[in-house]
Amino acid sequence: MTTATQALIQPPRLRSEHGLEPGRRVTWMELFFDLIFVAAVAQVGTHLQQDYSPTGLLRFALLFVLIWWAWLGHTNFSTRFDTDDLVQRGLTALQMFLVAVMAINATEALDSRDSAGFAAAYAAMRLVLAMQYLRARRIERSRALAERYALSAAIAAVLWLASALVPAPERYWIWVVALIVDLGTPLISTRHLVEVPHDAAHLPERYGLFSIILLGESMVAVMTGMSHQEHWSPAAASAAVLGMAMVFAIWWCYFDGVEAVGERFVRSHADARRFHVWTYAHLPLYLGIAVAGVGVEHVITTATVAPLHLSELAILSSAILLVMLALGVIGATSHRRHHRSGRRLLEMTL
């Protein structure tokens, strides 16, 4: 291999060997990656805006979970192993293309041909992730983790691809099994999480950037609702103001109130359990933000026509409540809060 080739193609290395790589920041490629995924969420949300009902919510929630999990798979890999070489950039670009295919195929009902295309594109993303982990298995310390995640991603990919070839409702049962494989793998890999930690500062920063971009999409939804108003009514104006206030309040609470993006070191099984809670709590948080943003847009758009139906009001209220509960759970996992609690307990004992 020539020197020029070696400069372009580098084997993965364990970047978080000690839990933290000093001075590491999110790259422009990672930020671009995040933007594409949030754009996919917005694309999926257009159907929810047209069908803000329990059925529409169920459809949106499933597609949202898969988009977010695809983002999380790449994010967890890159925080440990990303060398930003030509191969990694190529695989990242391929995943960005595939999530665009997922978004394009998210316009029809779950029993449609489009949803089969969505599942097939997601299956391809899991295969790409498996390839990434196979590249990382040469690192002896992380070999067990890499092999487990590669196998899990490959199994899930086969299941999702098989579901694309099976008609509904049988397709849904395969989805359930595939989701269990996808969502359950980190929970049975706690030992590897302690032995091969993520970057304690870089990973929370990725979550923070995804959060702020998603909040930005919610603000865009508010502005879209405002743009549909020709003659402002008190109800529409109040909904717009309250919608912006809601987005700002979530931003404030997430970044300042609950210390969501503080460093997340995993040095013990207790730390790993808190990390799992912190990670999975972001799913209802992000889902609630997305659903609430669409709901506020719907309120502003229809304010001069008719009030929300009871089911629509229930969905919007539940989304806001979900965000509040998720923020509370995230705040409870803060290392600083645990440190303060332990210090107070020690002072009381003395």
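The numbers here are math on the coordinates, done by the rules we state, and not lab data. Bear in mind the structure is a predicted one, so any value in this text is a computation, not a measurement. Please note: Cβ atoms are built from the backbone with ideal geometry, for glycine as well, and neighbour counts cover all protein chains shown.
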Between helix 28-50 and the chain, what is the angle of the helix's C-alpha long axis to the longest principal axis, kept within 0 to 90° and rounded to the nearest 10? 30 degrees
Pull out the extension gain between GLU263 and ARG141, defined as 0.36 nm times the separation in residues minus the alpha carbon to alpha carbon distance; nm, one decimal. 41.6 nm
GNM of the chain, Cα pairs under 10 angstrom: of ALA119, ALA156, ALA168, the biggest fluctuation goes to ALA168
Hey, what D do you get for the stretch 183-291 in µm²/s if you plug the Kirkwood alpha-carbon radius into Stokes-Einstein at 25 °C and 0.890 mPa s? 154 µm²/s
Spherically averaged projected area in nm², based on the convex hull that wraps the Cα atoms of the chain: 20.8 nm²
Rounded to the nearest 10 degrees, what's the angle between the helix 310-332 long axis and the longest principal axis of the chain, both from Cα atoms, 0 to 90? 30 degrees
Please compute the Kirkwood hydrodynamic radius over the stretch 2-106, one decimal place, Å, based on all pairs of different Cα atoms. 15.6 Å
So what's the convex hull volume per residue for the Cα atoms of the stretch 127-180, in Å³? 52 Å³
Within the chain, helix-based [θ] at 222 nm, where runs of 4 or more DSSP H residues each add -39,500 (n - 2.57), nearest 500: -25500 deg cm²/dmol
Loop-only trypsin sites (Lys or Arg not before Pro) in the stretch 195-269, please: DSSP not H, G, I, E or B, and at most 11 other Cβ atoms within 10 Å. ARG267
On full extension of the chain, what length is gained from SER238 through VAL194, given 0.36 nm per residue of separation minus the C-alpha to C-alpha distance? 11.0 nm
Using a simple spin-label model with points 7 Å from Cα along the Cα→Cβ vector, what separation in nm is obtained for TYR172 and VAL158? 2.6 nm
For the residue pair SER227 and SER318, what label-to-label distance in nm results when each label sits 7 Å from Cα along the Cα-to-beta-carbon direction? 3.0 nm
Stretched fully, the stretch from MET131 through ASP84 gains (0.36 nm per residue minus C-alpha distance, one decimal, in nm) 15.4 nm
Return the Rg/Rh value of the stretch 27-196, two decimal places, where both radii are evaluated on C-alpha atoms and Rh is the Kirkwood radius. 0.98
In a Gaussian network model over the chain where Cα atoms closer than 10 Å are linked, find which of SER152, SER142, SER233 has the largest mean-square fluctuation. SER233
